[in-house]
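Below: one structure, written as structure tokens.
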Amino acid sequence: MTETSKTELIAISHEIMSRIGKASLATIDHRSLAPYASLVLMAISAEGMPLLMISDLADHTQNLKADNSAALLLDGTNSPEDGKGALSGARLTIQGTIEKDDRQDSLKRFLARHNEANLYADFADFHVYRMIPKWFHLVAGYGRIIWLDADEMMPPAN
């Protein structure tokens, strides 16, 4: 793969992260040790990390307390009705660990992206969490598939 095409794929990955406001969250179920998937809202931290606001009561949060490794699938594919095919369009999987994020800036960024979350943002059981990415897997079409490590995708720390 040429450096130019890799740069293009990184740009597509960043575009998906900034555009898609929800993700499938995959965790390991703490009871059965089987994969468990749920749908969550997502925003991006100032450092480019995925942010989630989830309830302590939710199964996925209980799973993360037992094992904080997780994956997020951001679905940028098209609907079958658009005539392009259900799997046309890019999708991005992010693998990493998830930890609680008590920073006010993270809460503000999440609420700016998801105004509807203001309804439950003050509930005692809801908290912002951030994913610390380790790997990114982009599928952007035939022959346009790449694994990227966090150093390639994340902006440099200040």
- Query: Could you list, in sequence order, the residues of segment 137-158 that are touching a strand residue (DSSP E or B) at 6+ places or on another chain (Cβ under 7 Å), touching a residue at least 40 places away in the same chain (Cβ under 8 Å) and under 11 Å from Leu9 (Cα atoms)?
  - Reply: His137, Leu138, Val139, Ile146, Leu148, Met153
- Note on the structure: Phe136 meets each of (1) more than 20 Å from Asp56 (Cα to Cα); (2) part of a helix (DSSP H, G or I); (3) modelled with pLDDT of 95 or more with one exception, condition (2)
- Taking the stated definitions as given, is His127 surrounded by 16 or more Cβ atoms within 10 Å (Cβ to Cβ), in contact (Cβ under 8 Å) with a residue 40 or more places away in the chain, more than 15 Å from the chain's Cα centre (by Cα) and over 16 Å from Ser13 (Cα atoms)? yes
- Item | Ala66 vs. criteria surrounded by 14 or more Cβ atoms within 10 Å (Cβ to Cβ), at pLDDT 95 or above, closer than 30 Å to Ala121 by Cα and not charged (D, E, K, R) | no
- Considering segment 143-158, residues that are of a type outside the set (Asp, Glu), out of contact with any Ser or Thr (no Cβ under 9 Å at 6 or more places or on another chain) and modelled with pLDDT of 85 or more, and then whichever is surrounded by the fewest Cβ atoms within 10 Å (Cβ to Cβ), we arrive at Trp147
- Does any residue of segment 40-54 turn out to be β-branched (Val, Ile, Thr), in a helix (DSSP H, G or I) and at pLDDT 95 or above? no
- Message: Being under 21 Å from the mean Cα position of the chain (by Cα) and part of a helix (DSSP H, G or I) is the filter here; which residues of segment 110-124 pass it?
- Response: Phe110, Leu111, Ala112, Arg113, Asn115, Glu116, Ala117, Asn118
- Item | Number of positions in segment 130-142 that are aromatic (Phe, Trp, Tyr), over 13 Å from Pro50 (Cβ atoms) and buried (at least 17 other Cβ atoms within 10 Å of the Cβ) | 0
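The values are calculated or read from the model by the stated rules, or taken from the named source; none is laboratory data. Everything numeric in this text was worked out from a predicted model, so none of it was measured. Cβ coordinates were reconstructed from backbone atoms using ideal geometry, including for glycine residues, and neighbour counts include every protein chain displayed.
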